[in-house]
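Okay, structure first, notes after.
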Amino acid sequence: MSILKVARMGHPVLRTKARTLDKSELKNPVIQQFIDSMIDTMYEYSGVGLAAPQVHEGLRVFVAMLDPDGRGEGDAVTFINPEILPIGDATVEGWEGCLSIPEVRGRVPRAQHIKVSALDRHGKRFELELKDFPARVVQHETDHLDGVLFLDRMKSFESLTYLEEYSRYHTRQGDEDEADE
Ligand code: ZN
């Protein structure tokens, strides 16, 4: 396990569509070590999610701190080849940050309620139904696998804010959206 270097906006890997992983590749210890390193890297930088392209690997893998039931710290969950299906038409705007776009926050509209289907790190298919913040994290990370950054999803740049000004002017108690993804 090791802490991986995070690619920052401008690196072409962040704008490249990542490739699907074959189930058999998950038996490769190199891939398993890579997933462990992604989790370590997410913890190291206090992220709530990290996608493989953010650490220079064009693979459809991301890790996220998820607590699908709502309250609590959550656990690191690994998603391989994720597919998202929105449930209903509701979208919500919320603050996002990104380890690849340091010190910046912006408001991004996302589907409020989704179903995500993926393989776990052992190749077993699982499905999760997520709402609000966990749904936002999964949409942000899945976008990274398609070379999309949260800035691309903003309706306007009016809310774009440096972290210091965000902390000063834009946080309210109860917000759970301070973390980078
Ligand atoms: Zn990100």
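Laboratory data are not the source of any read-out in this text; all were calculated from the coordinates shown. For clarity, every value in this text was computed on a predicted model and none was experimentally measured. Reconstructed Cβ throughout: ideal geometry from the backbone, glycine too, with neighbour counts over all protein chains shown.
Ordering L99, L50 from the fewest to the most neighbouring beta carbons within 10 Å gives L99, L50. Per-residue extension of 0.36 nm, minus the Cα-Cα distance of H11 and V92, leaves a gain of 26.2 nm for this segment. Remind me, relative contact order of segment 12-173 in percent, using alpha carbon pairs under 8 angstrom and six or more residues apart? Averaging sequence separation for qualifying contacts and normalising by length gives 24 percent for segment 12-173. Within the listed set P29, P53, P102, the residue fluctuating most in the Gaussian network model of the chain (springs between alpha-carbon atoms under 10 angstrom) is P29. Could you pull out the pairs from K124/K155; K5/K131; K17/K124; K17/K155; K5/K115 whose alpha carbons sit more than 29 Å apart here? The pairs that break the limit, which is 29 Å between Cα atoms, are K124/K155; K5/K131; K5/K115. Using C-alpha pairs below 8 Å separated by at least 6 residues, the relative contact order for segment 46-126 is 24 percent.
For the chain, the C-alpha radius of gyration sits at 0.98 times the compact-globule guess of 2.2 N^0.38 Å, with N the residue count.
The GNM of the chain, with springs linking C-alpha atoms under 10 angstrom apart, assigns the highest mean-square fluctuation among A90, A51, A118 to A90. GNM remark for the chain: springs join alpha carbons under 10 Å apart, and the peak mean-square fluctuation among E165, E93, E103 falls on E165.
With a simple spin-label model that places each label point 7 Å from the Cα along the Cα-to-Cβ direction, the separation between D120 and S156 comes to 4.5 nm.
Taking other Cβ atoms within 10 Å as a rough exposure proxy, E25, E158 sort from fewest to most as E158, E25. A viscosity of 1.306 mPa s and a temperature of 10 °C, combined with the Kirkwood radius over Cα pairs in Stokes-Einstein, give a translational diffusion coefficient for segment 16-94 of 113 µm²/s. Mean residue ellipticity, 222 nm, helices only, the chain: the sum of -39500 (n - 2.57) across DSSP H runs of n ≥ 4, divided by residue count and rounded to 500, is -5500 deg cm²/dmol. With the simple model of a label 7 Å out from the Cα in the direction of the Cβ, H170 to D22 spans 4.4 nm.
By the beta-carbon count within 10 Å of each Cβ, the least crowded to most crowded order of M9, M154, fewest first, is M9, M154.
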